1. If you take each beta carbon of peptide B:167-176 and count the beta carbons of other chains within 10 angstrom, what is the mean?
2. At a Förster radius of 25 Å, what calculated FRET efficiency corresponds to the Cβ-Cβ distance of B:Glu108 and B:Arg3, to the nearest 0.05?
3. Below 8 Å between Cα atoms, with a sequence gap of 6+, how large is the relative contact order for chain B in percent?
4. Treating the angle as unsigned and between 0 and 90°, give the value, to the nearest 10°, between the Cα long axis of helix B:151-173 and the longest Cα principal axis of chain B.
5. Among B:Gly152, B:Gly55, B:Gly29, which one shows the highest mean-square fluctuation when chain B is modelled as a Gaussian network with alpha-carbon springs under 10 Å?
6. Taking both sides together, what accessible area is buried at the A/B interface, probe 1.4 Å, expressed in Å² and rounded to the nearest 100?
7. Given the options B:Val18, B:Val99, B:Val156, state which has the largest fluctuation in a GNM of chain B using a 10 Å cut-off (strictly under) for Cα springs.
8. Taking 0.36 nm per residue of sequence separation and subtracting the Cα-Cα distance, how much length would be gained by fully extending the chain between B:Asp87 and B:Ala179, in nm to one decimal?
Amino acid sequence: MRLFSREMACQELVELVTAYFDGSLSRRDRRRFDAHIRGCEHCTAYLEQMRLLIAATGRLTEEDIPTDARDELLAAFRGWSQERPV
Amino acid sequence: MLRVAQMYVRDRATAEEVVQETWLAVLNGIDRFEERSTLKTWLFRILTNRAKTRGQRDGRMVPFSALAGASDEPDPSVDPDRFFGPDSPHPGAWAAPPVGWPEEKLLESETLGVIEMAIDELPEAQRDVILLRDIDGWTPMEVSDALGITDGNQRVLLHRARSRVRAALERYLNPEIAAGTP
């Protein structure tokens with residue numbers, strides 16, 4: 001029912017991108033979001049920027065735990081779990 | 001784990017101790033682990049409980065939920081000047097729209113450096129959530145469980161974090177557009 005669904009403005013859409021990616025938009029908002037994206041190349045570009053950003057962020061690694069410390073811990077854990085009866 | 005522990009305790013050394021204690025507790029209690037939750041969730045429940053106890057004892061108790069709640073003031077994802085105002089024929093539509101980014105540009109180490117720096121400069125709670133979600137690849141539920149915040153709250157924090165990092169990246173890749181004067 002289009003009558004009840006106010007059209008989404010670009011400025012509103014940019015606030016809903018994360019909920020959109022997480023699949024947590026209400027059905028109604030999801031419909032409005034999809035409808036807007038279909039007709040708006042700028043918001044399509046914005047969404048694509050976010051996708052690229054998330055992918056790029058995923059390439060960063062955490063340096064909190066140095067690699068050899070982590071490997072040591074994993075090795076210890078493996079040795080430990082083998083010694084234990086299941 | 002270290003980072004989550006540091007949200008509750010005073011210094012890094014204490015956080016390291018808490019992480020060690022947690023591993024011991026996990027190893028000794030693995031028999032009691034029932035697969036109702038993921039191992040990760042269980043691990044972090046033990047970690048946050050221990051860190052909280054330790055934090056209370058040491059007199060530093062800043063619950064993460066308090067940090068997270070401090071972000072209630074409006075924080076637009078994109079500078080409002082980039083959109084047409086309410087008196088225009090198309091209120092809320094892009095006035096200075098974003099442009100496509102070449103994928104290979106996002107792979108350059110300099111670009112990754114810009115992202116890293118932008119993450120570094122985020123408010124603490126936002127930084128924690130974006131690290132867990134986008135770098136460590138945790139699910140929304142794992143994040144809200146480990147940090148003791150609601151699902152909606154972790155999403156707001158993640159959204160603000162990503163939006164700020166995107167804006168920083170745009171300032172780097174498209175400085176004229178980011179300034180709102182294409």
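The values are calculated or read from the model by the stated rules, or taken from the named source; none is laboratory data. All figures in this text were calculated on a predicted structure; none of them were measured in a lab. Neighbour counts are summed over all protein chains in view; Cβ atoms, including those assigned to glycine, are modelled from backbone coordinates with ideal geometry. Note: accessible area is taken over every heavy atom of the protein model, side chains too, but ligands, DNA and RNA are not part of it. Shrake-Rupley method; radii C 1.70, N 1.55, O 1.52, S 1.80 Å.
1. Values: counts 0, 1, 5, 3, 0, 0, 1, 1, 0, 0.
Partner Cβ neighbours, averaged per residue: 1.
2. On the way: r = 27 Å, r/R0 = 1.07.
Efficiency, rounded to the nearest 0.05: 0.40.
3. On the way: 176 pairs, mean separation 40.7, N = 182.
Over chain B, the number comes to 22 percent.
4. 50
5. Largest GNM mean-square fluctuation: B:Gly29.
6. Working: alone 7600 and 10910 Å², together 15060 Å².
The A and B chains share an interface burying roughly 3500 Å².
7. For chain B, modelled as a Gaussian network with Cα springs under 10 Å, the answer is B:Val99.
8. Working: separation 92, 0.36 × 92 = 33.12 nm, distance 2.18 nm.
This chain segment gains 30.9 nm when fully extended.
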